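Colleague: First the structure, then my questions, so here it is.
The values are calculated or read from the model by the stated rules, or taken from the named source; none is laboratory data. Bear in mind that the values here come from a model prediction, so they are computed numbers and not experimental data. Methodologically, a virtual Cβ is constructed for each residue, glycine included, from the backbone with ideal geometry; neighbour enumeration extends over all protein chains shown.
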Amino acid sequence: MGRYVVRRLIQMVPVFVGATLLIFLMVNVMGDPVAGLCGERRCDPATAARLEQEFGLDEPVWRQYLTYMGNVFTGDFGTAFNGQEVTELMATAFPVTIRLTLIAILFEVVVGIALGVVTGLRRGRPVDTGVLLFTLVVVSVPTFVTGLLLQLLLGVEWGWIRPSVSSGAPFDELILPGLVLASVSLAYVTRLTRTSIAENRRSDYVRTAVAKGLPHRRVVVRHLLRNSLIPVVTFIGADIGFLMGGAIVTERIFNIHGVGYQLYQGILRQNTQTVVGFVTVLVLVFLVANLVVDLLYAVLDPRIRYA
Amino acid sequence: MRGATHARRAVCAVAAVLAAAACEAEASGGGDAGAVLSASWGDPQNPLEPANTNEVQGGKVLDMVFRGLKRYDPVTGEAKDMLAERIETSDSRNFTVTVKDGWTFSNGEKVTARSFVDAWNYGASLRNNQRNAYFFGYIKGYDQVHPEEGEQTADTLSGLKVTGERTFTVELAQKFSTFPDTLGYNAFAPLPRAFFDDHDAWVRKPVGNGPYLVDSYTRGSQMSLRTWNDYPGPDKARNGGVDLKVYTDANTAYTDLMAGNLDLADDIPAAQLKNVRSDLGDRYLNTPAGILQTLAFPYYDDAWNKPGSEKVRTGLSMAIDRKQITDTIFQRTRTPATDWTSPVLGEDGGYRAGLCGDACAYRPDEAKRLIREGGGLPGGKVTITFNADTGSHREWVNAVCNSINNALDDEHACTADPVGTFADFRGRITDRKMTGLFRAGWQMDYPLIQNFLQPLYYTGASSNDGMWSNERFDGLVDRANQETDDAKAVGLFQQAEEVVRDDMAAIPLWYQNGSAGWSERLSDVRLNPFSVPVYDQIKVG
C-alpha cells in the first residue's frame with residue numbers, strides 16, 4: 001500500500017510538469033499581455049518596457065517557465081496585473097469554490113445515490129421511468145439555462161433567495177448554485193448507480209445474503225450498494241476537479257467570486273501569473289482526487305489489493 | 001435601511017396631526033442623508049492610484065475619493081474650479097496655480113501646493129510604472145523623467161515649482177492654452193504624504209480629499225464608501241455612502257436590480273435593452289457620453305495610403321447605414337455620428353453636428369462610385385478586425401459588413417475578422433499588423449475638442465493607431481493650442497477636423513450613450529459625461 005502510494009506520487013511529477021508547461025505555453029501564445037493594460041490606447045513604450053520587465057515578460061518563454069516553477073516551489077505564485085499577489089487571490093477564491101464544490105458533491109452523493117438505489121431496486125416501475133426521464137431532461141439542458149431559469153424564478157419572480165451570492169459566500173447562499181453546478185453530474189450519478197445496482201442484484205452474493213436471512217436493509221446497504229459503488233466513486237472523484245475548475249459558468253451567473261471568476265478574469269486580461277497559478281493548483285487537486293479514488297477501491301472491494 | 005424609512009414614515013404619520021409641515025419639509029428635501037446605496041462595479045484592472053487608473057471602474061472610486069484643481073460639471077461637462085482658487089497665465093505656457101485654503105485630506109493633512117507637485121512628479125516618473133504618465137507629457141522636463149527608452153535622468157519635472165504653501169508654477173514644454181481645463185482629469189489629483197510613506201497600506205485603503213471615505217475594501221468583491229462628514233467642499237454627498245459590489249456579468253447585476261438586491265446598475269447589458277423600459281419605467285437613464293466609436297485604417301500599409309484611397313475610405317463611410325444599425329442593434333443607445341467629437345462637448349466646446357456631411361450619410365450609389373474612382377477596395381475586399389471578448393462587438397461589425405456588402409452589391413466585399421482577446425487585439429495594433437479596417441473606440445479623458453483630435457490624429461500621437469499623418473492637420477492643431485482665445489482655438493480645431501473629414505482619416509460610426517437603471521429607493525440619479533454615475537448627488541429613500 002505505502003509503496004503504491006509513493007509510486008503514484010512519483011508518477012504525478014511528469015504529469016504536473018507537462019500540464020503546467022502546456023498551460024504556460026498556451027497563455028503565452030495568446031499574445032502580448034502588456035498591450036491590453038493601457039485601455040484603448042498604446043502604452044507608451046518606456047512604461048510598456050518597464051511593465052514587461054517587472055512581470056518578467058522580456059525573457060524567453062523557457063526562462064520564464066523555469067523562473068516561474070522555481071518560484072512556485074517556494075510558494076511564490078507571482079503578482080497579478082492589478083498588483084495583488086496570486087496567493088492572495090487564491091486565499092480568497094479557493095475557500096469559496098471549495099464550499100461550492102462541497103455542496104455540489106453532497107447533492108451528488110446524497111440525492112444521486114439515493115435516487116440510483118431506489119430506481120435500481122424498482123426497475124421498470126413508474127418511479128424508475130419517471131426518474132430516468134427527469135435525468136434525461138437534466139442532462140440535455142445546458143447548465144447556464146438551468147442556472148438562469150432557477151435564478152429568475154426563485155430570485156426575481158418568487159423572491160425566495162437572493163439572485164446573486166454576497167461577497168462572503170456563506171453556505172446557505174450557495175445551496176442553489178451548488179445544486180445547479182451538481183445537476184448534470186447528479187443525473188449521471190443516478191444513472192450509474194441504478195445500472196450498477198440493477199446488475200448486482202442478481203449476483204450470487206446477494207442471493208446468498210438473502211438466503212442467509214439477513215434483513216433487507218443490510219443486504220442492500222452492506223452487500224449490494226458497497227459493491228455497486230466502484231464506478232460511481234470513480235465518477236465522483238474525477239468530478240471534484242471538474243467542478244472546481246469548471247464552475248466558470250455557474251460562478252458567473254450567480255456572481256460568485258471563486259476560482260472560475262479569477263480564471264475568467266485572468267484569461268480576459270491575459271494574466272499569465274493568475275491563470276497558470278490557478279490551473280497548477282487545479283491540476284494538483286485533480287491528481288490527488290484520482291489517487292484517493294484509487295485507494296477507495298480497496299476499501300470498497302476487499303478483493304482489490306495494492307502492492 | 002428600508003425598515004428605518006418605513007419606521008420614520010410611520011412616525012411622520014403620527015406626528016402629522018401635530019406638525020405636518022416638519023415632515024413634509026423633510027420628505028420634499030429628499031431622502032435619508034444617512035442611507036447607504038449599493039451600486040454595481042467591476043474589478044479595477046490596475047492598482048487604484050490616480051495616475052494609474054485608465055478605465056471607468058477605477059475611475060468611479062477616484063471620482064468619489066478625490067477632488068482635483070478642476071472638476072467637470074456633471075451636466076455641462078464644463079471645467080470648473082474646485083480646489084483651484086485661480087490659475088493664471090500670460091503666455092499660455094507658464095501657469096501660476098493657487099490652491100484654495102481650508103481643504104484637507106480625510107486623514108487631517110492639509111492639501112497644499114506640495115500635495116499636487118509631489119503627486120504629479122510621482123505620476124510622471126518612469127520608475128513608478130504609471131499607465132497615465134503621458135498626461136504629464138506637456139510639462140517641461142517630462143522627457144528626462146520619462147524618456148522613451150533608457151533610464152530616467154531626473155526624478156522630478158523641472159517645469160513644476162512650489163513657490164508658496166498654496167501656490168506653484170507649471171511650465172509647459174510648448175504653448176497649450178486649454179491646459180487648465182485638462183486638470184479635472186483624475187491623474188492630476190493631489191496625494192497625501194501617506195501615499196508615499198506607506199504605499200502598500202494606502203493602495204489597500206486609499207485616502208483622498210473627496211466627499212467619500214473608503215470604509216473597507218475587499219479586493220475583487222466589494223468596496224464600502226461612507227460620506228465624509230467633515231468634507232470641506234461644496235458638493236457634499238447627499239447620501240450616507242455607497243457600497244460598490246463587483247459583478248462579473250452585467251446581466252447578474254441587472255437581475256439583482258430587478259430582485260431589489262441592488263440599487264444602481266450602470267451599464268445595462270445589451271440583451272436587456274429591449275425590455276428595460278417596461279422593467280424600470282422612468283428609473284432608467286440613457287444619456288450621451290464622451291465616447292465615439294470609429295473604424296481606423298492602417299496607413300502603414302501602402303494599399304491604404306496612396307493617391308485616391310481617400311475616395312475609397314469616404315466611399316466605405318457612405319456605405320454604412322448608421323441609423324439602421326443604431327436603431328436595431330443598439331436600440332438607440334447609440335446615435336449615428338456626424339462629426340469626430342461628441343455631443344457632450346456642446347456647441348461652444350466644439351461639437352458640430354453635421355460637420356461630416358454627406359460623407360457620413362448612407363449613400364450606397366455614391367459609395368460605389370467613389371470606391372470605383374479611387375481604384376477599388378485593396379485586393380477587392382476589406383476586413384474589419386475587432387476583439388470578440390467584450391462589448392458585444394461582433395453584432396455590429398457583422399451589421400457594418402452587411403451594410404457595405406449590400407451597398408456594393410458584393411457578398412464578399414467585407415468580412416469580420418475577430419481576435420480572441422482585447423490584449424491580443426491591442427498587441428496586433430501596437431505591432432502594426434493590421435491589414436484592413438479595425439475597431440477604434442475613444443473615451444475622452446477630458447471634455448475638450450483637443451482630446452478628440454490631437455491624441456488620435458496628430459503625427460506620432462499616443463493613440464494614433466493607424467499612423468495617419470497630415471501636415472495641414474498638425475499645423476492647425478499647433479496653432480489652436482497656442483491660441484489664447486477659447487472660441488478661436490475651437491474654430492481652429494474644427495478646421496483641423498475638416499482636414500480629417502476630407503481625408504477620411506477614420507470613419508466615425510456612432511456616439512455612445514451611458515446607461516443606468518436604479519431601484520425605487522433612489523432619486524436624482526445622473527451620469528456625468530464620462531458615463532460615471534454622479535454618486536454624491538443621489539438621494540436615497
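Colleague: Which one is farthest from B:Gly68 (Cα to Cα) among residues in segment B:182-240 that are touching a Phe, Trp or Tyr at 6+ places or on another chain (Cβ under 7 Å) and assigned to a strand (DSSP E or B)?
Modeller: Looking at the filtered set, the residue picked out is B:Met223.
Colleague: Given (1) out of contact with any Asp or Glu (no Cβ under 7 Å at 6 or more places or on another chain); (2) facing another protein chain (nearest Cβ under 10 Å); (3) assigned to a loop (DSSP other than H, G, I, E, B), identify the lone condition not met by B:Thr252.
Modeller: (3)
Colleague: Of all the helices (runs of 4 or more DSSP H) wholly in segment A:212-305, which have at least 3 residues that are buried (at least 23 other Cβ atoms within 10 Å of the Cβ) and within 14 Å of chain B (Cβ to nearest Cβ)?
Modeller: Working: elements: A:230-245, A:248-253, A:259-268, A:272-300.
Result: A:248-253, A:259-268, A:272-300.
Colleague: Search segment A:10-31 for residues being touching a residue at least 60 places away in the same chain (Cβ under 8 Å) and facing chain B (nearest Cβ under 10 Å), and hand back the single one that is surrounded by the most Cβ atoms within 10 Å (Cβ to Cβ). Reasoning before the result, please.
Modeller: Looking only at segment A:10-31, we keep the residues that are touching a residue at least 60 places away in the same chain (Cβ under 8 Å), and these are A:12, A:15-16, A:19-20, A:23-24, A:27-28, A:30-31.
Then keep just the ones that are facing chain B (nearest Cβ under 10 Å); that gives A:30-31.
On the way: A:Met30: 17, A:Gly31: 21.
Filtering first and then ranking leaves A:Gly31.
Colleague: While we're looking at this one, here's another question. Just to verify a result, which residue in segment B:452-482, among those that are free of Cβ contacts under 8 Å to residues at least 60 places away in the same chain, within 13 Å of chain A (Cβ to nearest Cβ) and polar (S, T, N, Q), is farthest from B:Glu498 (Cα to Cα)?
Modeller: Looking at residues that are free of Cβ contacts under 8 Å to residues at least 60 places away in the same chain, within 13 Å of chain A (Cβ to nearest Cβ) and polar (S, T, N, Q), I get B:Ser463.
Colleague: Across segment A:34-50, what is the total count of residues that are in a helix (DSSP H, G or I) and modelled with pLDDT of 75 or more?
Modeller: Filtering segment A:34-50 for residues in a helix (DSSP H, G or I) gives A:34-36, A:45-50.
Imposing the further condition that a residue be modelled with pLDDT of 75 or more reduces the set to A:34, A:45-50.
Total satisfying the criteria: 7.
Colleague: Still on this model: Which condition number in (1) in contact with a Pro (Cβ under 6 Å, 6 or more places away or on another chain); (2) touching a residue at least 60 places away in the same chain (Cβ under 8 Å) is the one that B:Glu395 fails?
Modeller: It fails just one condition, (1).
Colleague: Let me confirm something: among B:Ser106, B:Ser92, B:Ser158, which residue is in contact with a strand residue (DSSP E or B) (Cβ under 7 Å, 6 or more places away or on another chain), assigned by the TED database to the domain that holds B:Thr178, over 20 Å from A:Ala48 (Cα atoms) and in a loop (DSSP other than H, G, I, E, B)?
Modeller: Values: B:Ser92 fails: in contact with a strand residue (DSSP E or B) (Cβ under 7 Å, 6 or more places away or on another chain); B:Ser158 fails: in contact with a strand residue (DSSP E or B) (Cβ under 7 Å, 6 or more places away or on another chain).
Result: B:Ser106 is the single residue among B:Ser106, B:Ser92, B:Ser158 that is in contact with a strand residue (DSSP E or B) (Cβ under 7 Å, 6 or more places away or on another chain), assigned by the TED database to the domain that holds B:Thr178, over 20 Å from A:Ala48 (Cα atoms) and in a loop (DSSP other than H, G, I, E, B).
Colleague: Against the condition more than 14 Å from chain B (Cβ to nearest Cβ), out of contact with any Ser or Thr (no Cβ under 8 Å at 6 or more places or on another chain) and on the phi > 0 side of the Ramachandran plot, how does A:Gly124 come out, does it pass? Outline the logic, then answer.
Modeller: On the way: more than 14 Å from chain B (Cβ to nearest Cβ): yes; out of contact with any Ser or Thr (no Cβ under 8 Å at 6 or more places or on another chain): yes; on the phi > 0 side of the Ramachandran plot: yes.
Yes: the conditions hold for A:Gly124.
Colleague: So, one more: Any idea how many residues of segment A:51-60 are in a helix (DSSP H, G or I) and surrounded by fewer than 16 Cβ atoms within 10 Å (Cβ to Cβ)?
Modeller: We begin by selecting, within segment A:51-60, every residue in a helix (DSSP H, G or I); these are A:51-54.
Of the ones still in play, those that are also surrounded by fewer than 16 Cβ atoms within 10 Å (Cβ to Cβ) are A:53-54.
Counting residues in segment A:51-60 that are in a helix (DSSP H, G or I) and surrounded by fewer than 16 Cβ atoms within 10 Å (Cβ to Cβ) gives 2.
Colleague: With (1) within 14 Å of chain A (Cβ to nearest Cβ); (2) crowded, with 20+ Cβ neighbours inside 10 Å as the list, and B:Ala79 as the residue in question, which single condition is left unmet?
Modeller: Every condition holds for B:Ala79 apart from (1).
Colleague: Another question about this same structure. Could you tell me which numbered condition A:Ala93 fails, if it satisfies all but one of (1) crowded, with 18+ Cβ neighbours inside 10 Å; (2) away from every other protein chain (no Cβ under 14 Å); (3) of a type in the set (Gly, Ala, Ser)?
Modeller: (2)
Colleague: Let me ask something else about it. What do you reckon, is B:Ala399 of a type in the set (A, V, I, L, M, F, W, C), surrounded by 17 or more Cβ atoms within 10 Å (Cβ to Cβ) and over 30 Å from B:Asp486 (Cβ atoms)? Lay out the reasoning, then the answer.
Modeller: On the way: of a type in the set (A, V, I, L, M, F, W, C): yes; surrounded by 17 or more Cβ atoms within 10 Å (Cβ to Cβ): yes; over 30 Å from B:Asp486 (Cβ atoms): yes.
In short, yes.
Colleague: Does A:Thr129 count as more than 12 Å from chain B (Cβ to nearest Cβ) and either at pLDDT below 90 or buried (at least 17 other Cβ atoms within 10 Å of the Cβ) (or both)?
Modeller: Working: more than 12 Å from chain B (Cβ to nearest Cβ): yes; either at pLDDT below 90 or buried (at least 17 other Cβ atoms within 10 Å of the Cβ) (or both): no.
Against the criterion (more than 12 Å from chain B (Cβ to nearest Cβ) and either at pLDDT below 90 or buried (at least 17 other Cβ atoms within 10 Å of the Cβ) (or both)), A:Thr129 does not qualify.
Colleague: Filter segment B:116-153 down to residues that are over 20 Å from B:Asn94 (Cα atoms), in contact with a Ser or Thr (Cβ under 9 Å, 6 or more places away or on another chain) and of a type outside the set (Ser, Thr, Tyr), then give me how many there are.
Modeller: 9
Colleague: Something else now. Take B:Ser177 and tell me if it is assigned to a strand (DSSP E or B) and either in contact (Cβ under 8 Å) with a residue 40 or more places away in the chain or within 14 Å of chain A (Cβ to nearest Cβ) (or both). If you could, list the steps in order and put the result at the bottom.
Modeller: Values: assigned to a strand (DSSP E or B): no; either in contact (Cβ under 8 Å) with a residue 40 or more places away in the chain or within 14 Å of chain A (Cβ to nearest Cβ) (or both): yes.
So B:Ser177 fails the test.
Colleague: Just one of the numbered conditions (1) crowded, with 20+ Cβ neighbours inside 10 Å; (2) of a type in the set (S, T, N, Q); (3) more than 19 Å from B:Tyr351 (Cα to Cα) is not true of B:Gln482; which one?
Modeller: Failed condition: (1).
Colleague: Oh, and also: Could you list, in sequence order, all residues of segment B:469-499 that are in a loop (DSSP other than H, G, I, E, B) and either of a type outside the set (Gly, Ala, Ser) or closer than 27 Å to B:Asn94 by Cβ (or both)? Outline the logic, then answer.
Modeller: Step one: list which residues in segment B:469-499 are in a loop (DSSP other than H, G, I, E, B), which gives B:469-470, B:483-485.
Correct list: B:Asn470, B:Glu483, B:Thr484, B:Asp485.
Colleague: Read through the list (1) within 30 Å of B:Asn451 (Cβ to Cβ); (2) within 10 Å of chain A (Cβ to nearest Cβ); (3) at pLDDT below 90, then give the number of the only condition that B:Gly220 fails.
Modeller: Failed condition: (1).
Colleague: Continuing with this model, one more query. I'd like the full set of residues that are under 19 Å from the mean Cα position of the chain (by Cα), in a helix (DSSP H, G or I) and surrounded by fewer than 16 Cβ atoms within 10 Å (Cβ to Cβ), limited to segment A:140-159.
Modeller: Residue satisfying the conditions is A:Phe144 alone.
Colleague: Criterion first (assigned to a helix (DSSP H, G or I) and under 12 Å from A:Ile253 (Cβ atoms)) does A:Phe134 satisfy it? Step through it out loud before you land on a result.
Modeller: Details: assigned to a helix (DSSP H, G or I): yes; under 12 Å from A:Ile253 (Cβ atoms): no.
No, not satisfied.
Colleague: Anything in segment A:70-89 that is under 16 Å from A:Phe16 (Cα atoms), surrounded by 13 or more Cβ atoms within 10 Å (Cβ to Cβ) and within 24 Å of the chain's Cα centre (by Cα)? List them, or say none.
Modeller: Hits for segment A:70-89 are A:Val72, A:Phe77.
Colleague: Now, a different point. Mind checking which helices (runs of 4 or more DSSP H) fall wholly inside segment B:266-366 and carry at least 2 residues that are crowded, with 19+ Cβ neighbours inside 10 Å and modelled with pLDDT under 95?
Modeller: Details: elements: B:276-280, B:309-318, B:322-328, B:346-349.
Those helices (runs of 4 or more DSSP H) span B:276-280, B:309-318, B:322-328.
Colleague: Give the number of residues within segment B:247-265 that are of a type in the set (Gly, Ala, Ser), surrounded by fewer than 24 Cβ atoms within 10 Å (Cβ to Cβ) and closer than 23 Å to A:Gly260 by Cα. Talk me through it step by step, then tell me what you get.
Modeller: Our first condition is that a residue be of a type in the set (Gly, Ala, Ser); within segment B:247-265, this holds for B:250, B:253, B:259-260, B:265.
Subset that is surrounded by fewer than 24 Cβ atoms within 10 Å (Cβ to Cβ): B:250, B:259-260.
Cutting the leftovers down to closer than 23 Å to A:Gly260 by Cα gives us B:250.
Summing the residues that are of a type in the set (Gly, Ala, Ser), surrounded by fewer than 24 Cβ atoms within 10 Å (Cβ to Cβ) and closer than 23 Å to A:Gly260 by Cα in segment B:247-265 gives 1.
Colleague: Still on this model: Pick out the one residue from A:Ala187, A:Ala169, A:Ala182 that is surrounded by 12 or more Cβ atoms within 10 Å (Cβ to Cβ) and within 14 Å of chain B (Cβ to nearest Cβ).
Modeller: Values: A:Ala187 fails: within 14 Å of chain B (Cβ to nearest Cβ); A:Ala182 fails: within 14 Å of chain B (Cβ to nearest Cβ).
Just one listed residue meets the conditions, A:Ala169.
Colleague: Picking from B:Arg166, B:Arg219, which residue would you name as being basic (Lys, Arg), crowded, with 18+ Cβ neighbours inside 10 Å and not assigned by the TED database to the domain that holds B:Phe136? Full working, then the answer.
Modeller: Numbers: B:Arg166 fails: not assigned by the TED database to the domain that holds B:Phe136.
When all the criteria are applied, what remains is B:Arg219.
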